[in-house]
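Asker: Below are the structure tokens for one structure; questions will follow.
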Amino acid sequence: MSLKVLVIGSEGQIGTELCLELEKRDDVVLYRADIRILTNSERRLYRLDATDQRGIKQLISDLQIDEVYLMAALLSAKGEENPKLAWDLNMNSLLHLLDLAKEGFYKKLFWPSSIAVFGPDSPKVNTPQNTTINPSTVYGISKRSGEFWCDYYFNKYGVDVRSIRYPGLISHATEPGGGTTDYSVAIVKEALKIGNYTSYLKGDTILPMLFMPDAIKATLALMDAPKDSITIRTSYNLGGFETSPELMAHSIRRFIPSFEISYSIDFRQEIADSWPQSINDENAIADWRFEVEYDLDQTVEAMIEALK
Ligand SMILES: NC(=O)c1ccc[n+]([C@@H]2O[C@H](COP(=O)([O-])OP(=O)(O)OC[C@H]3O[C@@H](n4cnc5c(N)ncnc54)[C@H](O)[C@@H]3O)[C@@H](O)[C@H]2O)c1
């Protein structure tokens, strides 16, 4: 029997590549929903506002959806520019979806959190799953609150909701949507286009990152895992590799030796300074066998290859 899967926020940086992978599965019938597309039901595309509770309920019940991936959100940098909108979108979309799962409209939810839950008081290196977590951005506050809601709905109502704290994600298919780690995509694009890049983060700002194929593989591994192997219902830590603008520039110079980087630091530095440099993801490894395939150099090489 086929599985009816709905991706909300399907046209974003993660949604695009997640849909490509889901489409390869013979047992999946994929439906995409996003606020920036027009409905074309023959192509299984639906214009949907993730804050519209009635609209989501209607779509899920009309299509008889089994699983939902909720990717619509306002990211860290955009969230700081519009805190109320970030809270409204990030929280209410999740609460609507949790309620619909609780009421039996569909069976399983994936909702992404972020390393932005960690704040300036959290340990910076090998940051544990459970530690001091005091986020300092509205994005981080919304993600941490969302994690608690997921755990609450699982414990209280048995809602099968699964979540990952993604690090910064590097990809070439779709432009990133306004996060603090967006430089990691722009630096490779600008290197190829004009041979230089002006970074809004200081050269030595180290953050955890992951290449998109590894992030999608992790997401599907978590969703495919047997229910009783999931021991964390807030959100799983996920690392990858640690990099900085300087380290990325160094890696890019293996292919473009004349590449130059300069700096014009903006408000995103403060956000980056509040986040971990590396993540302890031993729970993801133990519970659903998370494995990183791409390190920094392999990611840069794959990015350059794809963008050329
Ligand atoms: N990209 C990253 O590096 C990263 C890191 C950590 C966590 N995340 C999380 O992963 C999820 C997806 O991130 P992304 O990078 O793909 O974001 P994105 O901004 O690239 O994509 C979000 C998509 O949601 C859509 N959208 C926005 N408002 C909507 C609404 N009201 N209704 C329906 N759709 C709406 C947008 O049109 C866009 O296509 C988010 O929850 C984000 O917080 C992303």
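Asker: Could you give the alpha-carbon Rg of the stretch 46-192 over 2.2 N^0.38 Å, rounded to two decimals?
Answerer: 1.11
Asker: Let me ask you something else. So who's got an amide H within less than 5 Å of the one on R165, skipping anything under 5 residues away but keeping other chains? H placed 1.01 Å off N, in plane.
Answerer: S113, Y236, N237, L238
Asker: Mind checking the dipole of the stretch 1-155: about its Cα centre, +1 per Lys or Arg Cβ, -1 per Asp or Glu Cβ, Debye to the nearest 20?
Answerer: Dipole size: approximately 60 debye.
Asker: Related question: Between the alpha-carbon centers of the stretch 114-164 and the stretch 289-307, tell me the distance in whole angstrom.
Answerer: 27
Asker: If you don't mind, there's one more thing I want to ask. As I understand it, the value is the acute angle between the Cα axis of helix 13-23 and the longest principal axis of the Cα atoms of the chain; what does it come to in degrees, rounded to 10?
Answerer: 50
Asker: Report Rg(Cα)/(2.2 N^0.38 Å) for the stretch 176-260, keeping two decimals.
Answerer: 1.37
Asker: Tell me the label-point distance for the pair K84, L38, using the 7 Å Cα-to-Cβ offset, in nm and rounded to one decimal.
Answerer: It works out to 3.2 nm between the two label points.
Asker: Another one. Kindly list the residues of the stretch 139-153 that lie in the label zone of F105, defined by a backbone N under 20 Å from the point 7 Å along the Cα-to-C-beta vector.
Answerer: Only 146-147, 149-153 pass the distance filter.
Asker: Counting DSSP beta bridges with both partners in the chain, what percentage is antiparallel, nearest 5?
Answerer: 10
Asker: What is the distance, in nm, between label points placed 7 Å from the Cα along the Cα-to-Cβ direction at V125 and at K156?
Answerer: 4.1
Asker: Which whole-angstrom value gives the distance between the alpha carbon centres of the stretch 244-276 and the stretch 53-96?
Answerer: What the calculation gives is 32 Å, centre to centre.
Asker: I would also like to ask the following. Can you pull out the GluC sites (Glu not before Pro) in the stretch 71-140 whose DSSP state is coil and whose Cβ has at most 13 other Cβ atoms within 10 Å?
Answerer: E103
Asker: Please report M209, M1 as a ranked list, fewest other C-beta atoms within 10 angstrom at the top and most at the bottom.
Answerer: Placing the least packed residue first, the sequence is M1, M209.
Asker: Could you order the peptides 20-30, 295-305 from most to least packed, using the average number of other C-beta atoms within 10 Å per residue?
Answerer: So the order, starting with the most tightly packed, is 295-305, 20-30.
Asker: Calculate, in nm to one decimal, what E260 and N134 gain on full extension: separation in residues at 0.36 nm each, minus their alpha carbon distance.
Answerer: Value of the extension gain: 41.7 nm.
Asker: Taking 8 Å as the Cα distance limit and 6 or more residues as the minimum spacing, I'd like the relative contact order of the chain as a percentage.
Answerer: Relative contact order here is 18 percent.
Asker: Any chance you could give the angle, 0 to 90 degrees and rounded to 10, that helix 53-63 forms with the longest Cα principal axis of the chain?
Answerer: In the chain, helix 53-63 runs at an angle near 70 degrees to the longest axis.
Asker: Where in the stretch 102-129 is the amide nitrogen less than 17 Å from a point lying 7 Å along the Cα-to-Cβ axis of E270?
Answerer: Counting backbone N atoms under 17 Å from the label point, the list is 119-121.
Asker: Starting from the stretch 225-308, pick out the chymotrypsin sites (Phe, Trp or Tyr not before Pro) whose DSSP state is loop and whose Cβ has at most 12 other Cβ atoms within 10 Å.
Answerer: F267
Asker: Determine the gain in length on full extension of the stretch L3-D26; use 0.36 nm per residue of separation and subtract their C-alpha separation, reporting nm with one decimal.
Answerer: Length gained, L3 through D26: 7.3 nm.
Asker: Subtracting the Cα-Cα distance from 0.36 nm times the residue separation, let me have the gained length for I285 to A225 in nm, one decimal.
Answerer: 20.4 nm
Asker: Taking a threshold of 18 Å on the Cα-Cα distance, which of the pairs K107/K227; K143/K227; K4/K57 fall above it?
Answerer: K143/K227
Any read-out appearing in this document is the output of simple, stated calculations on the displayed coordinates, not a laboratory observation. Small disclaimer: the values here were computed from a predicted structure and weren't measured. Backbone-built Cβ (ideal geometry, glycine too); neighbour counts: all protein chains shown.
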